[in-house]
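Encoded as structure tokens, the structure appears first; notes follow it.
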Amino acid sequence: MERKALAALCLLALVALAGCSATGSLSMNTADDAEIAEAASRPAVVDSPAPDDREVVREAIEDGSGTATATDPPVQQGLPLAYEGSYYEIDWNVTGTEPGTAFAVGVDLNGTAPADETVSFEELSERDRRLLGDLLTGMSEREPRLRPGPEVAIPEEYTMAETNESVLLSAEYSAVRYNGTVYPFVLEERREATLTRYRYTVSKVADNTAAYAQQLRDEHLFRLSGLSEGERSVMNKAINGVYYAEDTDDESFRSIMDQFSAESAIEADSYDGTWLVRYDGKVYTADLSYGGFDRDERPVAG
């Protein structure tokens with residue numbers, strides 16, 4: 001749903017620039033198999049770790065289960081994960097707890113440090129290298145910034161074994177040399193933490209994109225027809241664009257919202273949702289935002 005989140009941010013930016021705040025909005029795009037599957041899945045990005053996409057995903061998919069130790073589940077439940085052309089539901093259970101260390105490491109793109117306080121990237125522990133590797137690769141490809149101090153800070157948690165092996169946490173160094181460039185770092189918010197052990201399991205939802213898209217059509221696709229002139233105006237403006245409802249007196253938008261609420265959503269909450277709809281002979285993914293309506297006027301998530 002990254003595409004949906006990005007669209008929502010763009011909508012907010014456009015509304016802010018217009019000097020007004022829309023009560024609701026509808027955006028619709030024609031959708032083939034790939035676009036339907038994308039709207040109803042999360043990418044399992046395991047080569048570039050991020051807070052919700054970690055190596056545990058690959059481990060769970062390839063080995064049937066995976067483990068992680070953190071204060072919170074590193075991979076949240078939600079839409080299925082897309083991985084190498086197939087789609088998987090992910091679940092987890094708690095297997096125990098253990099002590100650990102929580103901290104944040106800030107890295108400076110354009111700083112300097114004394115030679116005796118600089119450690120080579122290769123001398124870091126394996127866990128340190130995993131933490132900094134992708135970040136430093138990306139940073140080394142950017143142009144240096146002029147402002148002093150760390151440009152980015154990464155929150156992280158180590159088990160006690162990882163803490164004891166860590167060079168970053170040893171307090172012996174203040175910079176790391178990576179591909180010939182020195183990057184000063186600072187440690188912040190270091191504290192003892194109780195880490196939870198999670199065991200992840202996965203179940204395959206579909207073998208391929210076409211099969212998953214067909215499942216979604218079977219479960220969620222509904223038809224809008226017999227609309228009034230005002231309702232058709234809302235729909236037509238939303239196709240390949242955005243229709244904005246400026247207030248709750250917009251009866252045409254409210255009627256469309258009510259019709260969506262009677263159908264099963266791909267994903268929906270108290271503020272917005274995504275539906276799969278057939279209109280005038282074409283299939284669309286529809287992103288409906290209704291957070292400005294009173295709670296009892298909003299759609300019920302299907």
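The values are calculated or read from the model by the stated rules, or taken from the named source; none is laboratory data. Treat the numbers as computed from the prediction; the structure is a model and nothing was measured. No Cβ is skipped: glycine too gets one built from the backbone with ideal geometry, and neighbour counts run over all protein chains shown. Ligands, DNA and RNA are stripped out before the accessible areas are found, and what is left, the full protein with its side chains, is counted by its heavy atoms. Shrake-Rupley method; radii C 1.70, N 1.55, O 1.52, S 1.80 Å.
Over all directions, how big on average is the projection of the convex hull of the alpha-carbon atoms in the stretch 147-299, in square nanometres? Before the final figure, lay out each step's value.
On the way: hull surface 69.1 nm².
Spelled out: convex hull of the Cα atoms, projected over all directions, averaged, 17.3 nm².
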>> Taking 8 Å as the Cα distance limit and 6 or more residues as the minimum spacing, I'd like the relative contact order of the stretch 157-302 as a percentage.
In response: 18 percent
>> How much length would be gained if the chain were fully extended between V45 and R232, taking 0.36 nm per residue of separation minus their Cα-Cα distance, in nm to one decimal?
In response: 63.4 nm
> How much length is gained on full extension from E165 to N29, taking 0.36 nm per residue of separation minus their Cα-Cα distance?
Replying inline: 43.9 nm
>> Can you give me the distance in nm between label points at T97 and E126, each placed 7 Å from the Cα along the Cα-to-Cβ direction?
In response: 2.8 nm
> What is the projected area of the convex hull of the Cα atoms of the stretch 89-128, averaged over all directions, in nm²?
Replying inline: 6.1 nm²
> List the GluC sites (Glu not before Pro) in the stretch 188-271 that DSSP assigns to loop (not H, G, I, E or B) and whose Cβ has at most 15 other Cβ atoms within 10 Å. Which are they?
Replying inline: E246
>> Averaging the inverse of every distinct alpha carbon separation and then flipping it gives the Kirkwood radius. What is it for the stretch 216-302, in angstrom units?
In response: 13.0 Å
> Using a 1.4 Å probe, how large is the accessible area of R295, given in Å² and rounded to the nearest 10?
Replying inline: 150 Å²
> With labels modelled as points extended 7 Å from the Cα through the Cβ direction, what inter-label distance (nm, one decimal) is found for D63 paired with D296?
Replying inline: 5.3 nm
>> I'd like the accessible area for T30: 1.4 Å probe, protein heavy atoms, all chains in place, Å² to the nearest 10.
In response: 60 Å²
